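The values are calculated or read from the model by the stated rules, or taken from the named source; none is laboratory data. Keep in mind the model is a prediction, meaning the values are calculated, not measured. Cβ placement follows ideal geometry from the backbone for every residue including glycine, while neighbour counts extend to all protein chains displayed.
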């Protein structure tokens, strides 16, 4: 799945799903954001989660995005990023 596919075909649906789960500031990072994806690549999303939401909401978001995109998806928050990759992820994160 390319970045253009995400933005052109799925952006509206992704943002609607994210909103239902209390997620905002939806960004992509990783191989898709860099334009280096291949047929085996997953789509990595970085989101801000409302303070009144939980990991259950993040899990629901993950499941719905997988169903929508029919591919592997990862969803992370800034707080959940490992220190070793934090700066790289934040640098390459691109708004959807």
- prompt: Any idea which residue in the range 38-60 is modelled with the lowest pLDDT, counting only those that are surrounded by fewer than 12 Cβ atoms within 10 Å (Cβ to Cβ) and within 22 Å of residue 3 (Cβ to Cβ)?
  reply: 39
Pair list, Cβ under 9 Å, 6 or more apart: the range 30-52 residue in contact (Cβ under 8 Å) with a residue 60 or more places away in the chain, other residue part of a strand (DSSP E or B): 30/43; 30/44; 30/74; 33/27; 33/44; 33/94
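Examine the range 83-90 for a residue that is out of contact with any helix residue (DSSP H, G or I) (no Cβ under 6 Å at 6 or more places or on another chain), part of a helix (DSSP H, G or I) and under 18 Å from residue 15 (Cα atoms), and state whether such a residue exists. Quick ask: steps written out before the conclusion?
The first filter runs over the range 83-90 and keeps only residues out of contact with any helix residue (DSSP H, G or I) (no Cβ under 6 Å at 6 or more places or on another chain), leaving 83-90.
Remaining after also requiring part of a helix (DSSP H, G or I): 83-90.
Still in the running and under 18 Å from residue 15 (Cα atoms): none.
No, the range 83-90 contains no residue that is out of contact with any helix residue (DSSP H, G or I) (no Cβ under 6 Å at 6 or more places or on another chain), part of a helix (DSSP H, G or I) and under 18 Å from residue 15 (Cα atoms).
Among 28, 63, which is the only one that is part of a helix (DSSP H, G or I) and either out of contact with any helix residue (DSSP H, G or I) (no Cβ under 9 Å at 6 or more places or on another chain) or buried (at least 16 other Cβ atoms within 10 Å of the Cβ) (or both)? Full working, then the answer.
Details: 28 fails: part of a helix (DSSP H, G or I).
Only one candidate qualifies: 63.
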